[in-house]
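No lab work stands behind these numbers, since they all come straight from the coordinates. Values in this document were obtained by computation on a predicted structure and should not be read as measured data. We place every Cβ from the backbone using ideal geometry, glycine too, and count neighbours over all the protein chains shown.
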């Protein structure tokens with residue numbers, strides 16, 4: 001059942017497929033932007049001094065807060 005492959009994990013974290021798509025895409029976008037800021041910080045140490053660490057903390061807090069009642073899951077699926 002191909003449908004199950006798209007719905008099983010989102011359901012395990014209390015989301016529909018579309019909710020999970022929005023959440024994961026938002027996290028991914030923020031991580032990409034923070035990653036570029038970190039790369040620029042490496043070249044220009046005076047730029048984006050706390051940008052990467054602030055984003056990691058914000059995203060971690062959002063994920064933990066939104067999913068604190070979900071049982072611990074495997075972090076990957078084969």
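Is the shape of region 25-68 rounded, prolate or oblate, going by the alpha carbon gyration tensor and its root eigenvalues a ≥ b ≥ c, with a/c under 1.5 for rounded and a/b larger than b/c for prolate? Provide the component values of the computation, followed by the final result.
Details: a/c = 4.99, a/b = 2.16, b/c = 2.31.
Since a/c reaches 1.5 but b/c is at least a/b, the shape of region 25-68 is classed as oblate.
Which FRET efficiency value, to the nearest 0.05, is calculated for residue 32 and residue 65 with the Förster distance at 22 angstrom and r the Cβ-Cβ distance? The partial results should precede the final answer.
Details: r = 22 Å, r/R0 = 1.01.
Rounded to the nearest 0.05, the efficiency is 0.50.
Rounded to the nearest 0.05, what FRET efficiency do residue 7 and residue 57 give with R0 = 22 Å and r taken as the Cβ-Cβ distance? Could you check?
The value I calculate is 0.15.
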